[in-house]
Amino acid sequence: MTSPLSLIWTITAATTLLQTGNGLLQALMPLRMQASGLSVSSIGIVAAAYGLGFSSGCFLAPASIRHVGYIRAFASLAAIAAVVILAMARAETTLAWALLRGLSGVTFACVFTATDGWISARATSSHRGRILAVYMICTKIALMLAPLGIALGDIRSDGLFMAVSALMSLSLLPIAATSTQEPPAPRSVRIRVKSLFLAAPSAVVGSFIVGLVNGPVIAITPVFGVSIGLNQGEAAALLFALQAGSLLLQWPLGWLSDRSDRRYVIAGLAAGTTVVSVVILLASKLGAGLVILWAFAAWGGFALCIYSVCVAHACDIVEPEHIISTIGTLLFSWAVGVTVGPLFGALAMAALGPGGLFIYSGAVCFVLAVFVLVRIRQQKRERARGGFVDVSPTSSPTAVLAPRAETAAAAGGKEAAGGAARPEEGQG
């Protein structure tokens, strides 16, 4: 009998290699731009270009997969991503960086749509949990450990960009070795922001604010670290701490959200992010390096977990036939936030110094906490329906793995997964 994990080992290996390269790129790009003399505002513009490219890729991906299939779509787009990374080694102006980063956003969205769509098609009720756990753990560990590789090279040379490009190219090998049949091509996701906002405003606003906050923090953290006196290896370690905190707290927070009105968890995570932002601000002024590292882990545990609780909350409310559309709408809300958020974060940092990034993130998360608490007072809800599933804002095709999504598939809804995937998360 075929093992469930044997159905996904090639796509999991390929995604892990991609996320290893993506994680290293997240640390490398802002440090390289800063070393080249670009301002924090320019770095924010480049990060916003990635969000714009990624959100565009969310809508282009289904057509690409329908046209050539999952395997050819992955191979061609991963190859394009590898070439784009090499071109970044020659970028000097803000415009060049923005164009290349925007193009990388389009390619990553399409690539991860193909990988996540493949995983979703292979996951059935009998082994859904095992497949998702292996897939998520591998990709999260890759994102967590990859930034530490920044200490192995010189950010002013081209070696690290070549390493990232090599990892993208190597991801083609597992795909080329696959012997399983690829899944049916997806159809487009229908985006219904207004109707979902009326049904679950906390989820829509929460997803948008997750993009507003997580986008700039992940994109600018290495620059923040260098600006407060850390070396490039220590600055990259802050990204490691963010992802490690998310990995450790995701499931305990999910367990808690399954046993209460999920909005309390969203509000608590937002409030916790505000408090930890203040701690980071104070610790950076005092030069308390170890405190900063632990505070970043706590920040990642809180802020990077909000989106998955928003997804679970929305899926508790909508009818099963609208689950897939709901996931696509929340991803779109997140993508809008991650497009404009880096601009605001960079402006705050330019105006208020390095700590401005966390003044901004703390203030925005405080607004989210207040909004959700007001909604709780206005609309009482029963405890959660259905189980919590660990998803990132970069994984809309894993909508099939969200609460009650299997019911939606059985109901024969008209929308199919294919909206697109990954940054944090997988986000860059």
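Pairing each residue of segment 254-276 that is touching a residue at least 12 places away in the same chain (Cβ under 8 Å) and over 12 Å from Cys305 (Cβ atoms) with any residue that is of a type in the set (Ser, Thr, Tyr) and buried (at least 23 other Cβ atoms within 10 Å of the Cβ), provided the two are 6+ apart or on different chains, yields C-beta distances under 7 Å for Arg263/Ser202. Within segment 31-85, can you find the residues that are modelled with pLDDT of 90 or more and outside any helix (DSSP H, G or I)? Selection gives Ser36, Gly37, Leu38, Ser39.
Filter segment 231-248 down to the residues that are touching a residue at least 60 places away in the same chain (Cβ under 8 Å) and farther than 14 Å from Gln26 by Cα, then identify the one that is surrounded by the most Cβ atoms within 10 Å (Cβ to Cβ). The residue in question is Ser246.
Pairs are defined by a Cβ separation below 8 Å, a sequence spacing of at least 6 or placement on different chains, a first member in segment 354-378 that is on the phi < 0 side of the Ramachandran plot and touching a residue at least 60 places away in the same chain (Cβ under 8 Å), and a second member that is outside any helix (DSSP H, G or I) and of a type in the set (D, E, K, R); the pairs so defined are Ile376/Asp261. Considering the conditions (1) part of a loop (DSSP other than H, G, I, E, B); (2) closer than 20 Å to Ile155 by Cβ, Leu239 is excluded by exactly one of them, (1). Flag: Gly355 does not match the condition of being more than 30 Å from Leu281 (Cα to Cα) and at pLDDT 50 or above. Residue count for segment 279-291, restricted to those that are surrounded by 15 or more Cβ atoms within 10 Å (Cβ to Cβ) and touching a residue at least 60 places away in the same chain (Cβ under 8 Å): 3.
The values are calculated or read from the model by the stated rules, or taken from the named source; none is laboratory data. Since this is a predicted model, take the numbers as computed values, not measurements. Methodologically, a virtual Cβ is constructed for each residue, glycine included, from the backbone with ideal geometry; neighbour enumeration extends over all protein chains shown.
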